[in-house]
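Participant: Sharing a structure with you now.
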Amino acid sequence: MSAETSPGLLALVGSGEYLPQMTAFESSLLHGRPPRYVQLATAAVPDGPEVVEHWHSLGRAQGERIGVEVVIVRVNDRGDALNEDNAKLVAGAGLIYMSGGNPGYLADTLRDSPVWEAIVREWRGGASLAGCSAGAMAMTAWVPSLRHPKKGGTAGLGLLPHLRVIPHFDMFTKRMPDVAARFLLPFDETATVLGIDEDTAVVGGPEEWTVQGRQSAWLLHPNSRDELPAGTTFSTKV
């Protein structure tokens with residue numbers, strides 16, 4: 001891709017990476033782009049190697065359904081992220097996808113690494129870049145701790161510094177009614193807090209987005225929230 005190419009699509013996904021119900025959506029992110037689907041399951045590493053391989057298996061199956069080449073970049077730790085050979089695997093991607101797990105681990109592993117620099121370079125060159133759940137959270141400037149919000153969190157990868165993302169929003173609000181408040185502490189007027197339901201995504205970026213999928217996204221405010229059903233176009237420009 002030439003240096004003059006515009007950045008590709010960004011996709012922040014609430015859940016459902018690689019599952020059959022998301023096949024058409026993931027295929028759309030590759031439309032008009034090289035048929036090379038680069039996948040990182042780094043966020044799942046804290047859950048163990050069997051979980052990581054599970055995501056690799058799902059990703060391969062999705063690539064087969066779409067009919068494209070699947071490239072798995074095995075970044076299990078910081079050393080892997082610093083490995084130039086792993087960074088080279090990202091080249092030529094049509095879609096780069098960071099799947100779910102632990103967002104803090106993902107951000108700490110990739111931050112300021114050759115692999116992350118390669119991901120950003122390919123996106124700026126026109127590749128689509130998607131993050132599901134932890135992958136979406138890590139693309140922002142800050143990843144709060146859901147369990148211990150007052151203890152803070154960790155710095156994100158900073159590609160979307162104006163956003164905070166709550167994936168699985170419909171599930172979290174049932175199990176943890178104060179989830180929005182946890183992400184709003186402390187409230188940052190320069191950041192937009194965005195809830196994304198399961199099997200749902202916001203696509204576009206970095207500031208103009210469209211909701212896609214079977215449910216809704218939500219713009220969250222200190223004392224209210226605005227529902228954004230599928231098909232809604234909205235702005236996160238502050």
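Participant: Order 211-224, 117-130 from most to least packed using the mean count of other Cβ atoms within 10 Å.
Facilitator: 117-130, 211-224
Participant: Under unit Cβ charges (Lys, Arg +1; Asp, Glu -1), what dipole magnitude, rounded to 20 debye, does the chain have relative to its Cα centre?
Facilitator: It comes to approximately 280 debye.
Participant: Of the listed peptides 78-85, 230-237, what is their order by residue-averaged count of other C-beta atoms within 10 Å, with the highest listed first?
Facilitator: Descending packing order for the listed peptides: 78-85, 230-237.
Participant: Right, here's the next one. Per the helix-only calculation at 222 nm, which mean residue ellipticity applies to the chain, given -39500 (n - 2.57) for every DSSP H run of n ≥ 4 and division by its residues, nearest 500 deg cm²/dmol?
Facilitator: Per the formula, -8000 deg cm²/dmol.
Participant: Each residue of the range 62-70 in order: what ³J(HN,Hα) in whole Hz does its phi give by Karplus 6.51 cos²θ - 1.76 cosθ + 1.60, θ = phi - 60°, with x for Gly and Pro?
Facilitator: Each residue's phi maps through the Karplus curve to give 5, x, 5, 5, 6, x, 10, 6, 9 Hz.
Participant: Find the relative contact order for the chain and round it to a whole percent, using C-alpha pairs within less than 8 Å whose residues are 6+ positions apart.
Facilitator: Details: 561 pairs, mean separation 51.1, N = 238.
Relative CO of the chain lands at 21 percent.
Participant: Could you derive backbone 3J(HN,Hα) for the range 29-41 from the dihedral phi with the Karplus parameters 6.51, -1.76 and 1.60 (θ = phi - 60°), listing whole Hz in sequence and x where the residue is Gly or Pro?
Facilitator: 5, 8, 4, x, 10, x, x, 10, 9, 8, 10, 10, 9
Participant: For mean projected area of the Cα convex hull in nm², the listed values are [x] 15.4; [y] 14.2; [z] 11.9; which was obtained by calculation from the structure presented?
Facilitator: Matching the structure shown: [z].
Every number here is computed from the coordinates shown, using simple stated rules; none is lab data. In this text, all values refer to a predicted model and were calculated from it rather than measured experimentally. Glycine gets a Cβ as well: all are built from the backbone with ideal geometry, and neighbour counts include every protein chain shown.
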